[in-house]
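Colleague: Questions regarding the structure given below will be posed in turn.
The values are calculated or read from the model by the stated rules, or taken from the named source; none is laboratory data. Because the structure is a prediction, the values reported are computed rather than measured. Don't worry about glycine lacking a Cβ; one is built from the backbone with ideal geometry, like all the others, and counts go over all protein chains shown. Keep in mind that these areas ignore ligands, DNA and RNA; they rest on the heavy atoms of the full protein, side chains included. Shrake-Rupley method; radii C 1.70, N 1.55, O 1.52, S 1.80 Å.
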2 protein chains.
Amino acid sequence: MNSIFIKNVTVEGRPSDIDIRDGRFFRIAPTGNLPIPEGVEILDAGGLVAFPGFINMHTHSSMSLMRGIAEDVRDLHEWLDDIWTLESKIDEDFIYWGTKVACLEMIKTGTTTFNDQYWIPDEACRAAREMGVRPVLSYVLLDHGDPSAISRQREECESQYERSLRWEGDAQFAVAPHAVYTVSESNLVWAAEFARKHGLKIHIHVSETQKEVTDCQELHGGLSPVEYLDRLGVLGPDVIAAHTLWLSDKDVEILGQRGVTCVHNINSNTKLASGYRFRYQELRDAGANVCLGTDGCASSNNLDMLEAMKTSAIIQKAWRSDPTALPLNELIGTATVNGAKALGLNAGRIAEGCLADFFLVDTDNTFFLSPAPFAANFIYSAHSDCICTVIRGGRVLMRDGQVEGEKDILHNAQDMLKKLINP
Amino acid sequence: MNSIFIKNVTVEGRPSDIDIRDGRFFRIAPTGNLPIPEGVEILDAGGLVAFPGFINMHTHSSMSLMRGIAEDVRDLHEWLDDIWTLESKIDEDFIYWGTKVACLEMIKTGTTTFNDQYWIPDEACRAAREMGVRPVLSYVLLDHGDPSAISRQREECESQYERSLRWEGDAQFAVAPHAVYTVSESNLVWAAEFARKHGLKIHIHVSETQKEVTDCQELHGGLSPVEYLDRLGVLGPDVIAAHTLWLSDKDVEILGQRGVTCVHNINSNTKLASGYRFRYQELRDAGANVCLGTDGCASSNNLDMLEAMKTSAIIQKAWRSDPTALPLNELIGTATVNGAKALGLNAGRIAEGCLADFFLVDTDNTFFLSPAPFAANFIYSAHSDCICTVIRGGRVLMRDGQVEGEKDILHNAQDMLKKLINP
């Protein structure tokens, strides 16, 4: 199970064969130098280039069915009000089909693991397992300080955790207090303690907008969201902080010292006009673990990590007036190994022993006609449609551009969408 | 010739038929309401959505073979030195195959007209005519103040103009003084006068970097490039000014008053760290004609106008802290009708009487699964690979994703590239 032999694939510029066993890279060697095992599928890659699967470190996957609901018109806080109105209508079916669509889009664009923050994780888990993308799914605490919500959400989080122990496959469960402006102090503390008691990751929005920072400073004696969370004991290497866009030098220092994973979501931040001066270099130098995410489709408007990489890089170069900012090798890390590190996975690289999460790229098109290295052409010139085959943990999720059952997913989701918009 | 009947195509949300005669939209009506003409090809679009072909208003097309030659390392002026070294090796063959590759990439990404500034325009014209994309090709003046170059380039420009009169098809010839920092004052003036005498467009780089502005101010008594060009009498509605990125209020006023076309090239500007605060709103309000371009592949690194549209919009929203900046309808104009206006073409719209320059989009994928309008999904969510059929002046350039002879073009260009890199 989940063993496959890939012949004639380009790995770091060399024609290679890859022997994948039990979902991991077992042996990688120049083409013709490995014995072909019996009883496993042999896939002839015909010279396609292998690249590690992307790890999307912040998304709300079922929002794939809400993309574009507020174009060109809102700031983040008005936009959230609209989203919350729509979300009051969602149910198990919506989550199931929304996650199916999201996974389909992630597979097509080369993502093999995603860190999600959304509702009804049991249904999201079922959808992701069917599709084959590795999910990290969370219980979202969002109590707005309402005492009954505070206690109810703790109970729900506990029972959701119990149910997650019965999830099949390698889905991870996480605890997601939404943000400092939507979760009571007592539940921020409770969530962190609960997560640590059970060895779970903590997934939270932090300093996404300037308003979030100034509101927090007013409410909490001048403390920024980072300082406030640190004072509460929430921050640590198990924290995945989405956005971290409006940071003081002190914030950067704290995030570095605590070894927090900071997830940059440039397409969302720019499109919603939340900001763009993500302090990549300072965070990296301080010791934070910087990753990339797409955010949900309602803001970004897609789940394409390749696009996120290019946009992140060019905007870093632009706002810093430095064409060397966020160079290619580091950029690739933010979309692959750094995410794996945050999630405790031995993944994000094509190397013996690692999880066999990767995809194959067709370079026979104009975008790769260049003296530049493969990665430069792939990230700066091409689009994700050059990704033709995707393998996760040794399982083939897409073959020659086709995902099994994709048209059915689209048509079922279309029906779901009609119900949501015209109930 | 160049007549075709398109059945069952979605135009502005309505199932329609389109009768194209002699390269123009003759009749557009709801499906089933037009008589099907005899003796022309009938193309059943099967519900695909029609969109006007993009007009790329600033590029250097043969640089398609130089993409990625200086990743992550240079500022614009160092980068130009490298380019000029490489360019000393180029010949007719390089231009021919470079333009073929560029046209292939443009067709695949929906561009039907491009405004070029590069060498040996006769060869570029031959390549573009074969491919079917409508080119505007220029003679580039770039004398660095060298007296012999000044006079030689005038003569060459004159004879190139004479040769352009014999170009077949509807290629336009333009005069392209490179920039204020590379062309002598006398040739800036001469180029504008020569262009106006013959009714040609003037294509020039203006205020691309801060250095260009401060250098110009030092050399020319405090005048910015815009003020300097205006003092020389160069600016007018026949001027296509690439970049116009570093502008004072006075510059904006002048560009508006003169009705100059200002071409924004966001991917190039950000990647080379030249800047990003393009003053779209002020230029529009002042009366300038704002268009988009990709710049050459050595900087940007592709010719994808759909990507240029998204990046332009999200960066406008971000740097202005205004999510309503550069809204969709205006954004579409910058990539279509505004370019047509600048070039004197009745194009950029799907409307009776206009040039039949358009493409068909396949929406049966996750990117269009949304309650948002088609244009929002197309620009913010999808990628150019959803463009499946491209028609220019009634001639089919791409059909179901395939351009005739595309593999041969790639392989011939690959050989050309090897000669350039390892001569």
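Colleague: List the number of the failed condition for B:Ala313; all other conditions in (1) among the aliphatic types (A, V, I, L, M); (2) buried (at least 23 other Cβ atoms within 10 Å of the Cβ); (3) more than 26 Å from A:Ser299 (Cβ to Cβ) hold.
Modeller: Failed condition: (3).
Colleague: Within segment A:169-195, count every residue that is of a type in the set (D, E, K, R) and over 14 Å from A:Leu232 (Cα atoms).
Modeller: Residues meeting the conditions: 1.
Colleague: Now for a separate question. Using the structure shown, decide if A:Ile391 is out of contact with any helix residue (DSSP H, G or I) (no Cβ under 9 Å at 6 or more places or on another chain) and crowded, with 24+ Cβ neighbours inside 10 Å.
Modeller: On the way: out of contact with any helix residue (DSSP H, G or I) (no Cβ under 9 Å at 6 or more places or on another chain): yes; crowded, with 24+ Cβ neighbours inside 10 Å: yes.
Taking the combined requirement at face value, the residue satisfies it.
Colleague: I would also like to ask the following. What number of residues in segment A:1-24 are open to solvent by 100 Å² or more (accessible area, probe 1.4 Å) and of a type outside the set (Lys, Arg)?
Modeller: Within segment A:1-24, residues that are open to solvent by 100 Å² or more (accessible area, probe 1.4 Å) and of a type outside the set (Lys, Arg) number 3.
Colleague: Still on this structure, I have one more. Kindly state which helices (runs of 4 or more DSSP H) lie completely within segment B:48-159 and contain at least 1 residues that are within 14 Å of chain A (Cβ to nearest Cβ) and not hydrophobic (A, V, I, L, M, F, W, C).
Modeller: Of the helices (runs of 4 or more DSSP H) lying wholly inside segment B:48-159, those with at least 1 residues that are within 14 Å of chain A (Cβ to nearest Cβ) and not hydrophobic (A, V, I, L, M, F, W, C) span B:76-87, B:92-108.
Colleague: Now for a different question. Identify the residue in segment A:25-47 that is of a type in the set (A, V, I, L, M, F, W, C) and in a strand (DSSP E or B) and, among all such residues, is surrounded by the fewest Cβ atoms within 10 Å (Cβ to Cβ).
Modeller: Taking the candidates together, the pick is A:Ile42.
Colleague: Restricting to segment A:259-270, and then to whatever is buried (at least 21 other Cβ atoms within 10 Å of the Cβ) and free of Cβ contacts under 8 Å to residues at least 60 places away in the same chain, can you tell me which residue is nearest to the other protein chains (Cβ to nearest Cβ)?
Modeller: A:Thr270
Colleague: From A:Ala298, A:Ala273, grab the single residue that is open to solvent by 10 Å² or more (accessible area, probe 1.4 Å), within 12 Å of another protein chain (Cβ to nearest Cβ) and in contact (Cβ under 8 Å) with a residue 60 or more places away in the chain.
Modeller: Among A:Ala298, A:Ala273, only A:Ala273 is open to solvent by 10 Å² or more (accessible area, probe 1.4 Å), within 12 Å of another protein chain (Cβ to nearest Cβ) and in contact (Cβ under 8 Å) with a residue 60 or more places away in the chain.
Colleague: Any chance segment A:277-292 includes a residue that's crowded, with 24+ Cβ neighbours inside 10 Å and within 9 Å of chain B (Cβ to nearest Cβ)?
Modeller: No, segment A:277-292 has no match at all.
Colleague: Given the criterion within 23 Å of the chain's Cα centre (by Cα) and acidic (Asp, Glu), identify the matching residue among A:Glu87, A:Glu78, A:Glu155. Walk me through it before giving the result.
Modeller: On the way: A:Glu78 fails: within 23 Å of the chain's Cα centre (by Cα); A:Glu155 fails: within 23 Å of the chain's Cα centre (by Cα).
Step by step, each of A:Glu87, A:Glu78, A:Glu155 is checked, and only A:Glu87 is within 23 Å of the chain's Cα centre (by Cα) and acidic (Asp, Glu).
Colleague: Would you check if there is a residue in segment A:29-42 being within 14 Å of chain B (Cβ to nearest Cβ) and more than 18 Å from the chain's Cα centre (by Cα)?
Modeller: No, segment A:29-42 contains no residue that is within 14 Å of chain B (Cβ to nearest Cβ) and more than 18 Å from the chain's Cα centre (by Cα).
Colleague: Which residue out of A:Lys89, A:Lys100 is in contact (Cβ under 8 Å) with a residue 60 or more places away in the chain and open to solvent by 40 Å² or more (accessible area, probe 1.4 Å)?
Modeller: Testing whether each residue is in contact (Cβ under 8 Å) with a residue 60 or more places away in the chain and open to solvent by 40 Å² or more (accessible area, probe 1.4 Å) leaves just A:Lys89.
Colleague: Which of the residues belonging to segment A:361-381 are open to solvent by 10 Å² or more (accessible area, probe 1.4 Å) and part of a loop (DSSP other than H, G, I, E, B)?
Modeller: Within segment A:361-381, A:Asp362, A:Thr363, A:Asp364, A:Asn365, A:Ser370, A:Pro371, A:Ala372, A:Pro373 meet the criteria.
Colleague: I would also like to ask the following. Quick one: in segment B:166-209, of everything that is modelled with pLDDT under 95 and of a type in the set (Asp, Glu), which residue is surrounded by the most Cβ atoms within 10 Å (Cβ to Cβ)?
Modeller: Result: B:Asp170.
Colleague: List the residue pairs whose Cβ atoms are under 8 Å apart, where the first residue sits in segment B:406-423 and is touching a residue at least 40 places away in the same chain (Cβ under 8 Å), the second is open to solvent by 90 Å² or more (accessible area, probe 1.4 Å), and the two are 6 or more positions apart or on different chains.
Modeller: Qualifying pairs under 8 Å: B:Leu420/B:Lys89; B:Pro423/B:Lys89.
Colleague: Any chance you could count how many residues in segment B:382-399 are more than 14 Å from chain A (Cβ to nearest Cβ) and in a loop (DSSP other than H, G, I, E, B)?
Modeller: At the first step, the residues of segment B:382-399 found to be more than 14 Å from chain A (Cβ to nearest Cβ) are B:389-397, B:399.
Subset that is in a loop (DSSP other than H, G, I, E, B): B:393-394.
Of the residues in segment B:382-399, 2 are more than 14 Å from chain A (Cβ to nearest Cβ) and in a loop (DSSP other than H, G, I, E, B).
Colleague: Quickly run through segment B:341-360 and pick out the residues that are open to solvent by 30 Å² or more (accessible area, probe 1.4 Å) and more than 22 Å from B:Arg21 (Cβ to Cβ).
Modeller: Answer for segment B:341-360, where residues must be open to solvent by 30 Å² or more (accessible area, probe 1.4 Å) and more than 22 Å from B:Arg21 (Cβ to Cβ): just B:Lys341.
Colleague: Only one of A:Asn329, A:Asn338 is open to solvent by 10 Å² or more (accessible area, probe 1.4 Å), under 22 Å from A:His264 (Cα atoms) and in contact with a Ser or Thr (Cβ under 8 Å, 6 or more places away or on another chain). Can you tell me which?
Modeller: A:Asn338
Colleague: Condition check: open to solvent by 20 Å² or more (accessible area, probe 1.4 Å), more than 20 Å from B:Arg320 (Cβ to Cβ), touching a Ser or Thr at 6+ places or on another chain (Cβ under 8 Å) and not in a loop (DSSP other than H, G, I, E, B). Does A:Glu307 satisfy that?
Modeller: yes
Residues checked against (1) away from chain A (no Cβ under 14 Å); (2) within 22 Å of B:Asp238 (Cβ to Cβ); (3) not in a loop (DSSP other than H, G, I, E, B):
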{"position": "B:Leu303", "(1), (2), (3)": "no, no, no"}
{"position": "B:Ala318", "(1), (2), (3)": "no, no, yes"}
{"position": "B:Glu330", "(1), (2), (3)": "no, no, yes"}
{"position": "B:Phe359", "(1), (2), (3)": "yes, no, yes"}
